[in-house]
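Just so it is clear, none of the values below were taken in a lab; they were calculated from the coordinates. Given the structure is predicted, the values throughout are model-derived calculations rather than measurements. A quick note on method: Cβ atoms are made from the backbone with ideal geometry, for glycine too, and the neighbour counts reach across all protein chains shown.
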Amino acid sequence: MKKLLFVLLVVLSLFGCRKEPTTWNTEVLAPLATGTLSLSDIIPDSISYIDENFLYHLVFNESISDLNVDSLVTIPDTIFSQKYVVPFSSGTISLPAGTQIISVNEEIEVGNEDVELHNVIMKSGYLKYKVKSYINGYMTCVYNLPGATLDGTALAITANVSPSIGDIPTISEGQFDLTDYTFDLTGETGNGFNQLFSMGTVSVSSDAPSNASVQGQDSVVVELEFIDAKVKYAKGYFGQHLYSFSQNVSFLDDIQIPSGVLMLDQARMNLKIENNVGVDARFTFNAIEAGNDNAALALDYAPFNNAINLTRAIDNGGIVTPFIANYLINENNSNLTSFIGLLPTQLNIQGQIEINPLGNISGASDFIYTDNPLQASVEVDVPLRVGLEGLGLQDTLDIILEQDVTANGYIVLVAENYFPFSADIKLTLLSDENYPEEIILSGGYINAGYESFTGVVLNPSVSTIRIPFTSELLGRLRQENRMIARVTFNTPDFPQVYSLYDKYKIDLRMFIEAAAEVEIR
């Protein structure tokens with residue numbers, strides 16, 4: 001018992017004598033951020049593939065849609081109006097029910113003067129009719145179009161009108177859906193073009209409650225109007241026409257490469273022109289130009305310096321055999337390496353299409369299926385065998401700092417590089433409304449990966465960079481929660497080319513290394 005009291009007195013005396021807290025320093029290692037910079041960060045899957053050798057390829061497929069040759073065979077929104085006058089000049093005649101007064105056959109002009117249409121199948125549209133009667137009687141107007149058929153049945157308009165009142169006509173109107181109607185535009189003789197044969201009769205209605213009082217020069221007016229008429233198929237002679245086209249094709253704007261120069265080896269471009277129309281055509285390129293915000297470059301490919309002749313397609317009972325012209329462009333026959341190496345955001349393609357340059361050599365057998373007209377497309381395949389100068393990869397890193405570290409110290413950056421060339425790395429803290437953009441690291445050096453005897457990197461280099469920081473910067477890192485990591489590559493002996501494989505990447509790990517002061521009172 002005495003010993004226990006003695007120990008307690010000693011302990012109490014020690015605490016009673018302490019004036020200052022006890023402190024010491026300890027090393028803190030806290031994870032700050034992780035990230036991976038790879039080709040997948042800048043190249044969407046939709047425009048890339050990996051070949052059997054695991055080599056990255058960029059692929060672009062774009063159609064040149066500004067050709068518009070389907071406008072060859074339009075039916076304008078026009079109104080056809082025909083006045084039918086009773087066949088006597090004066091006097092008044094009382095006619096009983098069922099009596100025919102007028103019978104007229106005539107041709108309706110359809111289409112335009114630049115094209116000689118023989119047969120047309122409609123895709124859509126409407127035929128609107130309006131019948132105006134100036135006759136004092138119950139009248140029936142029958143208007144037949146034998147050349148306009150749907151499933152073999154001719155289009156027929158039957159309009160019943162009441163007696164007119166003085167000079168004010170009575171009106172009957174309606175419309176027909178023209179979808180899938182076939183128009184024979186050879187007229188009554190079968191040898192014409194742009195002519196739709198019609199037959200019209202005007203009679204006193206068979207169920208008229210009273211006789212019609214018909215005066216000389218009384219008339220019935222028939223108006224026909226094509227509305228939004230779209231053609232599916234047409235045959236005839238489409239005339240000689242010259243169309244210009246100019247189109248900007250989206251290109252590398254989906255790849256977030258901010259700057260630099262690419263020397264692309266073995267890139268190729270295929271221009272495909274497919275003529276599905278039964279006309280001869282002549283294709284002329286005025287320019288194919290790659291451009292970005294800073295520069296532009298025209299494609300230099302000898303065959304495009306001259307006109308390209310396209311033979312007409314062949315129609316085998318609705319099965320079209322197109323004429324196809326393919327032009328394979330590569331570094332051996334053009335300046336394609338420099339053209340693609342410009343990193344263009346778009347291609348500007350300009351030219352002209354001449355239809356039937358030799359005239360009516362088909363005997364009015366031109367044809368077109370408007371859903372499948374003349375087409376052109378550009379395909380670019382770029383195997384990523386590149387030389388890089390000043391080219392960069394960039395990614396946003398999320399801050400994952402959880403520990404409450406407030407001391408000064410170092411950010412330790414560990415970079416594992418699988419690319420076969422070295423890089424400089426720059427870390428930037430994003431700006432906000434309270435702070436300007438701040439560069440945390442500029443010009444940090446990352447060693448190249450280790451190439452095997454086959455020239456492929458199998459093992460990465462590991463580079464460690466220590467970056468001093470202050471507690472104020474650490475507070476901003478915790479507040480912002482993100483930073484930008486950008487690496488800039490430079491290959492040895494530029495423009496020597498290197499193959500880029502799917503496994504190539506740079507893994508980044510960042511830690512906080514700090515001497516934190518700890519105290520116990």
Crossing angle, helix 2-17 versus the chain [Cα axis fit, 0-90 degrees, rounded to tens]: 70
Segment T201-E173, length gained on full extension (0.36 nm per residue, minus Cα span): 8.4 nm
Label-to-label distance, nm, for residues given as T149 and V462 (7 Å Cα→Cβ offset): 8.4
Cβ-derived FRET efficiency at R0 45 Å, A298 paired with T34, nearest 0.05: 0.50
Charge dipole (debye, nearest 20) of the chain; +1 at Cβ of Lys and Arg, -1 at Cβ of Asp and Glu: 1480
Chain lengthening between E438 and K83 when straightened (0.36 nm per residue, less Cα-Cα): 119.5 nm
Modelled FRET efficiency - R0 30 Å, N286 with N119, Cβ distances, 0.05 increments: 0.25
Listed candidates (i) 128, 32, 20; (ii) 83, 36, 16; (iii) 128, 53, 16 - label of the one calculated as semi-axes √(5λ) of the Cα gyration tensor in Å: (ii)
Positive-end residue, the chain charge dipole about Cα centroid, Cβ charges, pick of I227, I329, M122: I329
Magnitude of the charge dipole, region 74-237, Cβ model with Lys/Arg +1 and Asp/Glu -1, debye to 20: 260
Cα-projected label distance for S46 with A325, points at 7 Å along beta-carbon direction, nm: 3.1
Volume per residue that the Cα convex hull of region 242-383 spans, once the total is divided by residue count, Å³: 121
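Just rank M199, M139, M510, fewest to most, by other beta-carbon atoms within 10 angstrom. Working shown, then result.
Working: M199 16, M139 29, M510 26.
Ranking M199, M139, M510 by Cβ neighbours within 10 Å, fewest first, gives M199, M510, M139.
Multiplying the sequence separation of F54 and N316 by 0.36 nm and subtracting their Cα-Cα distance, what value in nm do you get?
Using 0.36 nm per residue and subtracting the Cα-Cα distance, I get 89.9 nm.
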Unsatisfied cross-links (Cα-Cα over 26 Å) in the set K426/K503; K132/K232; K83/K232; K130/K230; K232/K272; K426/K505: K132/K232; K83/K232
With Cα atoms, 0 to 90° folded angle of helix 471-480 axis to the chain main axis: 20
